[in-house]
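Trainee: Right, I'll just put the structure down here and ask away after.
The values are calculated or read from the model by the stated rules, or taken from the named source; none is laboratory data. Here the structure is a predicted model, which means the values were calculated and not measured. Cβ placement follows ideal geometry from the backbone for every residue including glycine, while neighbour counts extend to all protein chains displayed. Accessible surface is based on the protein model in full, side chains and every heavy atom, while ligands, DNA and RNA are left aside. Shrake-Rupley method; radii C 1.70, N 1.55, O 1.52, S 1.80 Å.
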Amino acid sequence: MGEQPIFTTRAHVFQIDPSTKKNWVPASKQAVTVSYFYDVTRNSYRIISVDGAKVIINSTITPNMTFTKTSQKFGQWADSRANTVFGLGFSSEQQLTKFAEKFQEVKEAAKLAREKSQEKIETSSNHSQESGCETPSSTQASSVNGTDDEKASHAGPADTHLKSENDKLKIALTQSAANVKKWEIELQTLRESNARLTTALQESAASVEQWKKQFSICRDENDRLRHKIDELEEQCSEINREKEKNSQLKRRIEELESELREKETELTDLRKQSEIIPQLMSECEYVSEKLEAAERDNQNLEDKVQSLKTDIEESKYRQRHLKVELKSFLEVLDGKIDDLHDFRRGLSKLGTDN
């Protein structure tokens, strides 16, 4: 109840794989709330994150901790008490910067709190030692200057105060010894944690170099695949041009419609089988030969059509010539018929006269 949130943000939480100490294991399925808490009673700071009903981060910040930015949107720190390394992935670089700045502020505050607590312990220890040294001198002065009755009247409260101070000093020394042992253990733990963190960072750096190499290889492979895709697209465009040419031949020559339909079917099959490059190339060569044959047939047909046109022109010329001759013949025939009519009329008149 004494803890108060002093900073809150949202991030994806990760923990280092305890078996490999290299890979990150997601601790949350999505971005969760990550908060800094200040405990007033203990004068300590903690980072806490909860995913539903599960606590995924409960890390007490110590002056020896260090928050490291490993990328523009990712940071990590090691917790020796939890014996793990926490990682946070943010949606922007600004959020990461704010979290790192707050981590540094809280770290400095924890350092000041530890120094103040040590100063208090040292002050109480020195005060107890001074009180323990001054009390015998006062009792000696009272024993020298006072009577036995005065000794009896003043010795009781002084001894009681001395005992209470001695008890307090013993408790303070016991607590100080316990704290020293605790701090030694914590220091040793922090050293081990720092060693593990250094190893993890070195391994992480090696992993980063390996990832960079893999990324370079993948980028080269991607460029090669893009070049191959461009080549395939160019081949497909050539196929489309061939299809258009076939369509033009189909529109020009009705007799080749059935064969052109077969070619379109073959081209459709070639598109479906475009993943098999050797087979595609062989079929393309086959189609090219067919097209060349079709062009030769088309040229032959065009020659035939030209010869037919020539024959038609000659026939038309002959018909025109026959029409002229027929017309002249009809004119002559009409003259002959007129002559016959005149001859008939003459015969009829002659018969009438006779």
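Trainee: Before we move on, is C218 surrounded by 10 or more Cβ atoms within 10 Å (Cβ to Cβ) and over 22 Å from Q273 (Cα atoms)?
Mentor: Taking the combined requirement at face value, the residue satisfies it.
Trainee: Then there is this: Counting only residues that are among the aromatic types (F, W, Y) and under 29 Å from T41 (Cα atoms), how many does the stretch 4-25 have?
Mentor: Of the residues in that region, 1 qualify.
Trainee: Scanning the stretch 45-57 for residues that are closer than 27 Å to R114 by Cβ and in contact with a strand residue (DSSP E or B) (Cβ under 6 Å, 6 or more places away or on another chain), which turns out most open to solvent (accessible area, probe 1.4 Å)?
Mentor: Filtering the stretch 45-57 for residues that are closer than 27 Å to R114 by Cβ and in contact with a strand residue (DSSP E or B) (Cβ under 6 Å, 6 or more places away or on another chain), the one most open to solvent (accessible area, probe 1.4 Å) comes out as R46.
Trainee: Condition first: closer than 23 Å to A100 by Cβ and either of a type in the set (K, R) or open to solvent by 60 Å² or more (accessible area, probe 1.4 Å) (or both). Now tell me which residues in the stretch 1-14 satisfy that.
Mentor: The answer is Q4, P5, I6, T8, R10, H12.
Trainee: OK, next. Test of understanding: among S274, S282, which residue is in a loop (DSSP other than H, G, I, E, B), open to solvent by less than 100 Å² (accessible area, probe 1.4 Å), out of contact with any Gly (no Cβ under 8 Å at 6 or more places or on another chain) and modelled with pLDDT under 90?
Mentor: Unique residue meeting the criteria: S274.
Trainee: Is it the case that some residue within the stretch 187-205 is farther than 30 Å from Q15 by Cα and open to solvent by 60 Å² or more (accessible area, probe 1.4 Å)?
Mentor: Scanning the stretch 187-205 turns up no residue that is farther than 30 Å from Q15 by Cα and open to solvent by 60 Å² or more (accessible area, probe 1.4 Å).
Trainee: Okay, next question. Out of all the residues in the stretch 71-87, which are closer than 16 Å to L201 by Cβ, at pLDDT 90 or above and surrounded by 14 or more Cβ atoms within 10 Å (Cβ to Cβ)?
Mentor: F74, G75, Q76, W77, A78, D79, T84, V85, F86, G87
Trainee: Which of the following residues is open to solvent by less than 80 Å² (accessible area, probe 1.4 Å), under 20 Å from Q299 (Cα atoms) and of a type in the set (D, E, K, R): E244, E254, E259?
Mentor: From the options E244, E254, E259, the qualifying one is E259.
Trainee: Return the pair list, or none, for Cβ contacts closer than 7 Å from residues in the stretch 236-250 that are more than 16 Å from T268 (Cβ to Cβ) to residues that are in a helix (DSSP H, G or I) and not hydroxyl-bearing (S, T, Y), at least 6 apart or on different chains.
Mentor: L249/L256; L249/L260; L249/A294; L249/N298
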